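The structure under discussion appears below in the form of structure tokens.
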Amino acid sequence: MAESASMNDPALDRVLAEIDRLGLQNHLVELETQGFTVIRSVLSPDQLSRVRGAILARYERDTGKRIDIETEDGSRVSGQTYLPYLLYDDEVFEEILMAEAPLALVTYLLGESCLLSSMGCHFKGPGGEPLALHSDNGNGTPAPFSTISYVANINYALTPYSQAAGALAMVPGSHKLARQPTRREMRLDQEKPNPRAIAMDLEPGDAVVWHGNTWHGSFVRQIPGVRMNLAVYCARQFVQTQEQHKGVVPDQVLARHANNERFQVLLGAKQPYGWQREGPDYALMARNPKGLYD
């Protein structure tokens, strides 16, 4: 696939060469045609154990509740709780941010200069309400949306996904509609759910990557236990990120990645905006993206 890239776009050549190296050509076709793709077994058993432990520790710190994710009956956690800003809780989140295959697909969607917008967990116990179908383009984004993805998401399953377990729901091909769903289209309740919505049946460690226009949500959990994910949300450089990272990355984290420019770029090292009295850094501004892929 890389051989078909335009010789006038070195960034596209680099992006497609990485897609080829990792054997992701079929995933690229799925992104283009259905707006999302599933990559199996991205996370190792060791990473799964560490990331679940880190998220459970955060949940206990934030809520004062100790949860058994296998047996929770809804009495201690019901419905969905979002745990934000996880990157600096444990080194395992840094590893996951840099996972090659999902990052290669996000780079195809958003370019090499894309930013980490947020990293958090949708921690879901039995009951509550479904998360209505929506596009990750904010409500202030006017329709029709651009066909070019401005944001993209990686959703890692950290526990088994099924509709009864409160799985992520996706609507194939919805990215081509270039708008948010209507009130009727966004429904995922048991009475009249959108018939085009499908449940992502996933094993722990699998990842779903999707175009920012694609409609998605999640079903109510109907069985005991807790559904855990890790949502790694990314954006093009000109889009306001949900979380602040530029200028606040802990020194020890920067030291661990001193020789990894891509990690630094994801956290704002190439982002020239947000200055104060010091004014603009013209050297950074000169590095602004020149096209869709750099």
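The values are calculated or read from the model by the stated rules, or taken from the named source; none is laboratory data. Since the model is a prediction, treat every value here as computed from it, not as a measurement. Ideal geometry is used to build each Cβ from the backbone, glycine not excepted, and the neighbour counts take in all protein chains shown.
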Qualifying residue in the range 120-135 (condition: free of Cβ contacts under 8 Å to residues at least 24 places away in the same chain and either in contact with a strand residue (DSSP E or B) (Cβ under 7 Å, 6 or more places away or on another chain) or surrounded by fewer than 20 Cβ atoms within 10 Å (Cβ to Cβ) (or both)): no
Test set (1) surrounded by fewer than 18 Cβ atoms within 10 Å (Cβ to Cβ); (2) hydrophobic (A, V, I, L, M, F, W, C); (3) in contact (Cβ under 8 Å) with a residue 60 or more places away in the chain - residue 167 fails condition number: (1)
Qualifying positions in the range 223-282 - small (Gly, Ala, Ser) and under 14 Å from residue 86 (Cα atoms): 231
Lone unmet requirement of (1) at pLDDT 95 or above; (2) farther than 23 Å from residue 199 by Cα; (3) surrounded by fewer than 19 Cβ atoms within 10 Å (Cβ to Cβ) for residue 82: (2)
Sole residue being touching a helix residue (DSSP H, G or I) at 6+ places or on another chain (Cβ under 6 Å), aliphatic (A, V, I, L, M) and more than 29 Å from residue 18 (Cβ to Cβ), chosen from 83, 87: 83
Residues that are closer than 30 Å to residue 164 by Cα, assigned to a loop (DSSP other than H, G, I, E, B) and out of contact with any Ser or Thr (no Cβ under 7 Å at 6 or more places or on another chain), drawn from the range 95-127: 99
Residues of the range 126-136 classified as farther than 30 Å from residue 45 by Cβ and within 13 Å of the chain's Cα centre (by Cα), total: 1
Residues being aliphatic (A, V, I, L, M), within 16 Å of residue 128 (Cα to Cα), assigned to a loop (DSSP other than H, G, I, E, B) and within 20 Å of the chain's Cα centre (by Cα) - total across the range 162-199: 1
Failed item in (1) exposed (fewer than 14 other Cβ atoms within 10 Å of the Cβ); (2) polar (S, T, N, Q); (3) within 23 Å of residue 40 (Cα to Cα), with residue 146 passing the rest: (3)
Residue list for the range 247-294, filter: assigned to a loop (DSSP other than H, G, I, E, B), of a type in the set (D, E, K, R) and within 23 Å of residue 97 (Cβ to Cβ): 270, 287, 294
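Residue check: is residue 60 free of Cβ contacts under 8 Å to residues at least 12 places away in the same chain and not in a loop (DSSP other than H, G, I, E, B)? Give the derivation first.
Numbers: free of Cβ contacts under 8 Å to residues at least 12 places away in the same chain: yes; not in a loop (DSSP other than H, G, I, E, B): yes.
Yes: the conditions hold for residue 60.
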Selected residue (only one of 38, 92 is assigned to a helix (DSSP H, G or I) and touching a residue at least 40 places away in the same chain (Cβ under 8 Å)): 92
Test: residue in the range 16-31 that is under 30 Å from residue 189 (Cβ atoms) and in contact (Cβ under 8 Å) with a residue 12 or more places away in the chain: yes
Within the range 265-283, considering residues that are within 26 Å of the chain's Cα centre (by Cα) and surrounded by fewer than 16 Cβ atoms within 10 Å (Cβ to Cβ), the one modelled with the lowest pLDDT: 274
Lone unmet requirement of (1) more than 21 Å from residue 138 (Cβ to Cβ); (2) of a type in the set (A, V, I, L, M); (3) surrounded by fewer than 20 Cβ atoms within 10 Å (Cβ to Cβ) for residue 226: (3)
The range 71-123, residues that are β-branched (Val, Ile, Thr) and within 27 Å of residue 220 (Cα to Cα): 71, 77, 81, 96
